[in-house]
Amino acid sequence: MTTPQSYTLPGGLKAHRCQPAIGAEVSGLDLTQPLSAAHAEDLRTALYAHGVIFLRGQQAIGFKEHLALAKAFGTPIEDGPDPERPQITPVAAKAFKREGTASSWHSDGNYSPEPPAVSILRALDPCTFGGDTCFSSATAAYAGLDDETKAQIEKLRYRSSLAERMPKGYGHFGSPEKWDELNAKYPPVTQPCVSVHPVTGGRGLYVNTTWSLGIVGMDDSEGLPLIQRLAAHFYRPEYQMRWTWEKGAIAIWDNRLVQHYGVPDQTTDRSLERITVHGGAVLSIADWEAREKDLAPA
Ligand SMILES: [Fe+2]
């Protein structure tokens, strides 16, 4: 990519890239004002180019503006615990506690048949010392694979489950009944090892060890080490960046383009709110090629 570190987007917003492989801060936006079509397009352009983007200084906004921002990326998912604001998933953690920090590499909703496309996370009361969020580029991780591995995984799918990786009653599931409830709500699904982005057509590695059960059609003695080997590509620092939260900050990431990791070293309690938008089923290479064929002029 020859893009300079800082540049102006077509609609006038400024982008300042965080790392060569991933991330950009976008400035020039005041979300207390209605989001113009040109600025919404700038945000999508920057997101698809860099996988994750960040806004600062938006502490004056509330739920209404957060929701309006999310709508620039798709239709908000309504499955949160508050019936007044079902689009909101609270993201809260106590000082020095691991619970609620999402401290393993993952993309949101990987265990569901239609994982969210984009996550929009707003800091209400963030921790400014510790409690960073790390991001790693799925497109860089895929591009870094050798050709033999790319060919090996092109058609492979793996099984993913929210509950099945955990023994009943473990950790935040709390009880065997809660485990049963979650397993019924999210029965195991399969996902492609390589995803194709529905807008850009770019390929990304879509493998994690957080919810993966094994490769479809492969013995676990072979499949699980392969998943671990692939997931380990996300751990390379040259594919990563690290975001330190501050009041008024917003992170927006595309779950097909990056994975993230909540570092569980927050020195104070923290509170953030997340909205995600619908994304449809994750496209495999075969899905993408079939879709392109369907769309091709006769
Ligand atoms: Fe997450």
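The values are calculated or read from the model by the stated rules, or taken from the named source; none is laboratory data. Note that the coordinates shown come from a computational prediction; the quantities given were computed from them, not determined experimentally. Neighbour counts are summed over all protein chains in view; Cβ atoms, including those assigned to glycine, are modelled from backbone coordinates with ideal geometry. These area figures cover heavy atoms from the full protein model, side chains too; ligands, DNA and RNA do not enter into them. Shrake-Rupley method; radii C 1.70, N 1.55, O 1.52, S 1.80 Å.
The table below gives the values:
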read-out: Glu148-Ala296 pseudo-label distance in nm [points 7 Å out on the Cα-to-Cβ vector]; value: 3.2 nm
read-out: Most fluctuating residue given options Ser136, Ser27, Ser221, as computed from a GNM of the chain linking Cα atoms under 10 Å; value: Ser221
read-out: Karplus-derived 3J(HN,Hα), 6.51/-1.76/1.60, for each residue of region 190-204, Hz, glycine and proline x; value: 10, 10, x, 5, 10, 9, 10, 5, x, 9, 8, x, x, 8, x
read-out: DSSP beta bridge pairing in the chain, given as percent antiparallel to the nearest 5; value: 95 percent
read-out: Heavy-atom accessible area per residue - region 1-50, 1.4 Å, Å²; value: 52 Å²
read-out: Cα-based Rg / Dmax (Å) for region 156-298; value: 17.8, 60
read-out: Positive-end residue of Leu55, Ile120, Gly217, charge dipole of the chain with Cβ unit charges; value: Leu55
read-out: Dipole moment magnitude, nearest 20 debye, the chain about Cα centre, only Lys, Arg, Asp, Glu C-beta charged; value: 380 debye
read-out: Label point at Arg165 placed 7 Å out along Cα→Cβ; residues across region 125-155 whose backbone nitrogen lies under 12 Å; value: none
read-out: Residue-averaged 222 nm ellipticity for the chain, from DSSP H runs of 4+ at -39500 (n - 2.57), nearest 500; value: -6500 deg cm²/dmol
read-out: Selection from Trp243, Ser160, Ile275 lying farthest towards where the dipole of the chain points positive, charges on Cβ; value: Trp243
read-out: Carbon/sulfur fraction of accessible area - the chain, other protein chains in place, 1.4 Å, %; value: 53 percent
read-out: Length added when fully stretched, Lys71-Met218, from 0.36 nm per residue minus Cα-Cα; value: 48.9 nm
read-out: Fluctuation leader among Ala141, Ala60, Ala95 - the chain, Gaussian network, Cα springs under 10 angstrom; value: Ala60
read-out: Projected area, mean over directions - region 1-73, Cα convex hull, nm²; value: 4.6 nm²
read-out: Separation of alpha-carbon centers, region 218-255 and region 104-127, rounded to whole Å; value: 13 Å
read-out: Length released on extending from Leu124 to Ser271, taking residue separation times 0.36 nm less the Cα-Cα span; value: 52.3 nm
read-out: Modelled FRET efficiency - R0 41 Å, Glu114 with Gln5, Cβ distances, 0.05 increments; value: 0.70
read-out: Size of the chain as Cα extents on the principal axes (Å, biggest first); value: 54, 53, 37
read-out: For region 144-211, accessible area per residue (1.4 Å probe, heavy atoms of protein chains only), Å²; value: 50 Å²
read-out: Within straight-line cross-link reach of Lys168, lysines at Cα separation under 21 Å, skipping those fewer than 8 residues along the same chain; value: Lys178, Lys185
read-out: The chain: relative contact order as a whole-number percent, Cα under 8 Å and 6+ apart; value: 32 percent
read-out: Efficiency of FRET from Cβ geometry, Lys185 and Glu246, R₀ 25 Å, rounded to 0.05; value: 0.10
read-out: Net charge dipole size for region 136-222 [Lys, Arg +1 and Asp, Glu -1 on Cβ; Debye, nearest 20]; value: 320 debye
